[in-house]
Amino acid sequence: MEIINAFALIINYIIIPGLTYGCQLALGALGVTIIYTVLRFSNFAHGELMSFGAMTSILITWIISYFDLSIYPLPTVILALPISILITISYCLLIDKYCFKYHREKNSKNVISLIVSIGVMFFTSGLIRVLIGPNDRTINDGERFIISARKFKEITGLTEGISLKLSQGITIIVSIIAVVLLFWFLNKTKTGKSMRAYSDNKDLALLSGIKTENVIFYTWLITGTLACIAGTLYGLDKSYKPFTYLQLVLPIFAAAIVGGIGNPIGAIIGGFVISFSELLITFSYNKFLSYLIPINFLPEGSLQLLSTDYKIAISFIILVLVLILKPTGIYKGKLL
Amino acid sequence: MKTDFFSEKKYINAYLVCAFLFLLVGLFQSWNVAFSILNLCLISAIMSIGINIQWGNSGIVNFGVMGFAAIGGLCGVLISMPPTLEVWKDGTAVILIILFSFLISGILVKKFLKKFIYNKYLKILLSIIIILFSLYLIKSIFIPSINFIENTNSAKTGYIGGLNLPIILSWPIAGLFCGVIAFLIGKIALGLRSDYLAIATLGISEIIIYIIKNEEWLARGVKNVNGLPRPVPYEIDLQKNEFIQTLSNTLNLSVIELSSLIVKGLYSILFILVLLIIFFLLQKAIKSPWGRMMRAVRDNETSAEAMGINVKKRHLQVFIIGSAIIGISGAMLTTLDGQFTPSSYQPLRYTFLIWIMVIIGGSGNNHGAIIGGFAIWFFWIQAEPIGIFLIELITIFLSDQNEIKLYLLNHAAYMRLLLMGLVLILALRFFPKGIIEEEKRL
Amino acid sequence: MLLDVREIICGYENTIIVDGCNFSVKKGDIACIVGPNGAGKSTAMKAIFGLIPIMSGQVIFNNEDITSLNPQERVMKGMSFVPQNNNIFQEMSVEENLEMGAFIHQSSMNENLKNVYNLFPILNEKKSQIAGELSGGQRQQLAVGRALMTNPVLLMLDEPSAGVSPIVMKDLFTKLKAISKMGTSILVVEQNAKQALEISNLGFVLQNGKNKYSDTGKALLQNPEVRVSFLGG
């Protein structure tokens, strides 16, 4: 029983939040990685694109609620998602047309595109704040829990409860669907393969008759979709605050680089590496151990590797360590 | 030495435009506002010179401006504030010694690992063990002393305090200290190029901010340090001064306004002095054989290397110099503010805005960096009025009570982000060389 | 005449590398361009394929002036090109490489795939392997196979034997012969003049960007001057 309690504790405080946050990071990192492999620059605006996606989801949810449509117990935002994805994709395509295309055709250095993406980041964050304001907004209007800790305790009789929020469940399921579709697209369809071919060997792809414009169109299509989903899910799980998305950029880059930038599988693994290390390093193991070893043997003080204040800093530390020790990441990615 | 500060007409024009803008602000808004903007413009100009040295002269992408500026600010606190005597008497000295020896031993261990252990995985394993061990040390020795410091009079001090020296000393010291930090960072990160270096330096600067925010014993963390001593007199003292009082009568200004004008003016003079010193030293360096070598490295690394230039060493030098300059400006900023607020360090404001200054000003030219610093900071401050004006213009056909118009006007403050992004994107497209082009030198 | 290149001049910025060369390839021919290092062989081939702009001269393909077309449009017209380096998609599987080759000829893909597999059975064996893991010779076969997937009338190869062993080279040349028998004309730039001329109906010897000799492969091999200056006796 004690051991089960210990496991329940770990599941509740590490596995479930880790999976949720990992999914959000992985979706973000996939977007960054795909832009990097095809367009060859680090897109600092990706966090703001996610924020843009979340914002459109909220705006459309408001319109939907105005017509009293709802799919309770699921949050209304699920209904809004397809439309907001389309809007985010259009925004991405517009940005590409007016900002990135010129430098791509001029063959500017990739650092220039990176700086352009910072311009896009400023512009988008301004646009978002003008449109919806900087305030905190709750997205979730559905049921709060799939299973609450109290109910779980009642059913199982354990002292430790496991709670699974609806937003967490949705995050994990939607992420799995998105990733499966993405991999199907990249590996099984002709267009997806042509994208991989383009990023693998651009000159040869052109010789084979693959068209640059098409590849770039699909790249932004995927990026916009991923950004919108990731942004909306992140906002659904926590709450929508525009400025948090700026802080999300670096953890996303960390995930992409840890996994090996340019490698979609790496991006997913990287997302989970970051999310779980954040939780494992800042988790206080006192209670966990109290279930496993006699109380007398428990060491005094908090059994925590780093204080929770450093939670986000962990992703930066991992990022810097990986860059210095193994810049290609876990799965040999492309070197920037 | 005669320099060419005003030798070329286009520079004069750009500087005159800046002066004219300040005149406008002084006349139409207030001179107080004009001088506040000027002071921050000067600091921004110094920061963008720091980046310009790295990016314009060597192509190094340093996104760590925020970190160095914060370290500079920290120096301001540690130099100028009175020491917290209680903790110096018993706890802290121990900590500092341990901290110091810890750093040294850390470096030694790294050297040892490099020299004697060839197996990569063993090396990683050993590093992890060392890190865990040091974490244990931190837990068992550091934490108690830290708690002691933080609990000593925590409402007012709760940190180690400073050296009680004139704050102006912190400016050169911040430069030195940031130089040392830049050396350490450069040693490990400069092997990376462009995108990776940008991300790495951004990450490192975030880590620095996190440490400053959370290690309260160092500089009170998010509790901020207020009331830093000043290099210039206080307004209240000035107001008591008879000469000032008579001056205010003759100028027909209130004493309060005049005194704050004088204080700001004195700051401006100090900042201009620093800017000029840095500028002239750099111009001299750029014209020297060393500067030529740097440009050779930037324009073609491979051939520079083939000519026997140690590219890595050059990059490290430039990285240190640029970061030191940013550190100096960081200390100046804290001096001007009179307080150190770690949570105010945001990458948007410190890293990316400075980068916009460099790009807009024209990379590779220090005049450009100064003008860029002035222009962008001015724009950053004045973007809200501009935004309101633009919204009024767009919604000219809507009534004053129109909801959309009111909504937009309420959110005009955020127009500055939007406009700034627009300026950067447009500049990169239509004026990639910036306001002032790089000087052609042989 | 399938391909007729008339008096082309091309080069980079200020230096002219190919200075008024003529080439012609008939249906079913194997033609090769040989010459010493720096003679402009590869540049000439890139110019024919449209990878480098031509300053003057004409490229006629299938009785059509294609001088102003870009490489992709030339692929559509029935040309296909195997570059010297980076001629496969390293991170994709062998079969995906071939599929990408057929990107614009989707309709006849299965048939072409079968032909390529017949020609290079080793590719069939390794079809799901990542191309980057193949050996040098297999990579070269894959590169040729990829180019054949567009169902070309004219296959152009830039130094296919560079960096592969003599045995692999011999094998490759045999395959080229087989390809030409199936009706695809071949234009190949080669460093190994002797072996290339042996399989060629036509040979063009370049020197300093100009045609030095143009004759049948056999005749060139027997020409004493050519033997002394270009074939090492």
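What follows draws every value from the coordinates through simple rules; no lab data is involved. Model, not experiment: these values are computed from the prediction. Counting neighbours? That spans all protein chains shown, and the Cβs are built from the backbone with ideal geometry, glycine included.
In Å and from the alpha-carbon atoms only, list the Rg and Dmax of region A:8-127.
In order Rg, Dmax, the Cα atoms of region A:8-127 give 17.6, 57 Å.
What is the average number of partner chain Cβ atoms found within 10 Å of a Cβ in C:141-147? Don't skip to the answer; put the middle values down first.
Details: counts 0, 0, 1, 0, 0, 3, 3.
Partner-chain Cβ atoms within 10 Å, mean over residues of C:141-147: 1.
Taking the Cα centre as origin and putting +1 on Lys and Arg beta-carbons and -1 on Asp and Glu beta-carbons, what dipole magnitude results for region A:2-325, to the nearest 20 debye?
Details: 23 positive and 17 negative charges, 162 e Å.
Computed about the Cα centre, the dipole is about 780 debye.
Using amide H atoms built in the peptide plane, which far-off residues or other-chain residues are under 5 Å from A:Leu303 H to H?
Excluding prolines and chain starts, which carry no amide H, the hits are A:Tyr285, A:Asn286.
Using a Gaussian network for chain C with springs between C-alpha atoms less than 10 Å apart, which of these wobbles most: C:Lys46, C:Lys210, C:Lys170?
So, out of C:Lys46, C:Lys210, C:Lys170, the one fluctuating most is C:Lys170.
Between C:Asn86, C:Asn151, C:Asn62, which gets the highest mean-square fluctuation from a Gaussian network model of chain C, Cα cutoff 10 Å?
Top of the fluctuation ranking is C:Asn86.
Please list, in chain and number order, the residues 5+ apart from C:Gln207 or on another chain whose amide H is under 5 Å from its amide H, with Hs placed from the backbone.
Those qualifying (amide H under 5 Å, at least 5 residues apart or on another chain) are C:Lys212.
Just checking the output field for C:80-92: average partner chain Cβ neighbours within 10 Å of each residue's Cβ? Could the numbers behind the result be given before it?
Values: counts 2, 3, 2, 4, 0, 1, 5, 4, 3, 10, 3, 9, 6.
What the average comes to for C:80-92 is 4.
Within chain A, what is the longest stretch that has no GluC sites (Glu not before Pro) placed in a DSSP loop and near at most 14 other beta-carbon atoms within 10 Å? Could the numbers behind the result be given before it?
Numbers: sites that count: A:Glu143, A:Glu300.
The answer is A:144-299.
Once phi is turned into ³J(HN,Hα) by the Karplus curve 6.51 cos²θ - 1.76 cosθ + 1.60 with θ = phi - 60°, what whole-Hz value does each residue of region A:172-185 show in order, with x for glycine and proline?
Per-residue couplings from phi come out as 5, 5, 4, 4, 4, 4, 4, 5, 4, 4, 4, 5, 4, 4 Hz.
What residue among C:Pro160, C:Asn110, B:Tyr350 has its Cα farthest toward the positive end of the dipole of the protein assembly as shown, where the charges are +1 on Lys, Arg and -1 on Asp, Glu, each on the Cβ?
C:Pro160
Within 10 Å of each Cβ in peptide A:107-115, how many partner chain Cβ atoms are there on average? Round it to a whole number, please. All intermediate terms of the calculation are to be shown ahead of the outcome.
Numbers: counts 0, 2, 2, 2, 8, 3, 2, 6, 12.
Counting Cβ atoms of other protein chains within 10 Å of each residue's Cβ and averaging gives 4.
Give the order of C:Leu134, B:Leu125 when sorted by the count of other beta carbons within 10 angstrom, beginning with the fewest.
On the way: C:Leu134 20, B:Leu125 12.
Taking fewest neighbouring Cβ atoms as first place, the list is B:Leu125, C:Leu134.
Among A:Leu131, C:Met79, A:Ile15, whose Cα sits farthest toward the positive end of the charge dipole of the protein assembly as shown (+1 at Cβ of Lys/Arg, -1 at Cβ of Asp/Glu, about the Cα centre)?
Farthest towards the positive pole: C:Met79.
Taking the Cα centre of region B:169-243 as the origin and placing charges on Cβ (Lys, Arg +1; Asp, Glu -1), which of B:Ile212, B:Ala182, B:Asn241 is farthest toward the positive end of the dipole?
The one lying farthest along the dipole's positive direction is B:Ala182.
Find the centroid of the Cα atoms in region C:192-227 and in region C:98-152, then give the distance between the two in whole Å.
Measuring centre to centre over Cα atoms gives 30 Å.
Suppose every Lys and Arg Cβ carries +1 and every Asp and Glu Cβ carries -1, with no other charges. What dipole size does region A:113-240 come out with about its Cα centre, to the nearest 20 debye? Mind showing how you got there, number by number?
Working: 14 positive and 9 negative charges, 31 e Å.
Value, rounded to 20: 140 debye.
Between region C:1-19 and region A:233-293, what is the C-alpha centre distance in whole Å?
57 Å
Work out from phi, with θ = phi - 60° and the Karplus expression 6.51 cos²θ - 1.76 cosθ + 1.60, the ³J(HN,Hα) of each residue of region B:277-290, listed in order in whole Hz, and give x for Gly and Pro.
Karplus-based 3J(HN,Hα) across region B:277-290 equals 4, 4, 4, 5, 4, 5, 4, 4, 5, 5, 7, 6, x, 4 Hz.
In cubic angstrom, how much convex hull volume per residue do the alpha carbon atoms of region A:2-325 span? Show your work: numbers first, answer last.
Working: hull volume 49.2 nm³, N = 324.
Convex hull volume per residue, Cα atoms: 152 Å³.
What order do you get for B:14-21, B:356-363, C:139-146 when each peptide is scored by the mean count of other beta carbon atoms within 10 Å, highest first?
Values: B:14-21: 15.0, B:356-363: 27.5, C:139-146: 24.6.
Descending packing order for the listed peptides: B:356-363, C:139-146, B:14-21.
Taking the Cα centre of each part, how many Å lie between region A:40-100 and region B:272-291?
Using only Cα atoms to place each centre, the spacing works out to 49 Å.
Report the Rg/Rh value for the protein assembly as shown, based on alpha-carbon coordinates and the Kirkwood definition of Rh. List each step's numbers first, then the result.
On the way: Rg = 33.5 Å, Rh = 32.7 Å.
Here the Rg-to-Rh quotient is 1.02.
For the protein assembly as shown, what does the helix formula give at 222 nm: sum of -39500 (n - 2.57) over DSSP H segments with n ≥ 4, over the residue count, nearest 500 deg cm²/dmol?
After summing the helix terms and dividing by the residues of the protein assembly as shown, the value is -20500 deg cm²/dmol.
Arranged by the count of other C-beta atoms within 10 angstrom, fewest first, what order do A:Ile64, A:Ile257, A:Ile162, B:Ile129 take? Present the calculation step by step, with values, prior to reporting the outcome.
Values: A:Ile64 17, A:Ile257 36, A:Ile162 21, B:Ile129 10.
If I rank by nearby Cβ atoms, fewest first, I get B:Ile129, A:Ile64, A:Ile162, A:Ile257.
Which links in A:Lys97/A:Lys241; A:Lys202/B:Lys313; C:Lys26/C:Lys114; B:Lys213/B:Lys287; A:Lys188/A:Lys238; A:Lys106/C:Lys194 stretch past 32 Å when you go from one Cα to the other? Mind showing how you got there, number by number?
Numbers: A:Lys97/A:Lys241 28 Å; A:Lys202/B:Lys313 35 Å; C:Lys26/C:Lys114 26 Å; B:Lys213/B:Lys287 41 Å; A:Lys188/A:Lys238 35 Å; A:Lys106/C:Lys194 43 Å.
Pairs exceeding the cut-off: A:Lys202/B:Lys313; B:Lys213/B:Lys287; A:Lys188/A:Lys238; A:Lys106/C:Lys194.
Would you mind counting up the charge near B:Ile359? Only other residues with Cβ under 15 Å from its Cβ, with Lys and Arg at +1 and Asp and Glu at -1. Present the calculation step by step, with values, prior to reporting the outcome.
Numbers: positive: A:Lys109, B:Arg429, B:Lys433; negative: B:Glu437, B:Glu438.
In short, +1.
When DSSP assigns beta bridges and you keep just the ones with both residues in the protein assembly as shown, what percent turn out antiparallel, to the nearest 5?
Details: 27 of 44 bridges.
DSSP beta bridges in the protein assembly as shown are roughly 60 percent antiparallel.
So how strong a dipole does the protein assembly as shown carry about its Cα centre when Lys and Arg Cβ are +1 and Asp and Glu Cβ are -1, to the nearest 20 debye? Kindly include the intermediate steps, with their values, before the conclusion.
Numbers: 82 positive and 63 negative charges, 420 e Å.
Dipole of the protein assembly as shown, to the nearest 20 debye: 2020 debye.
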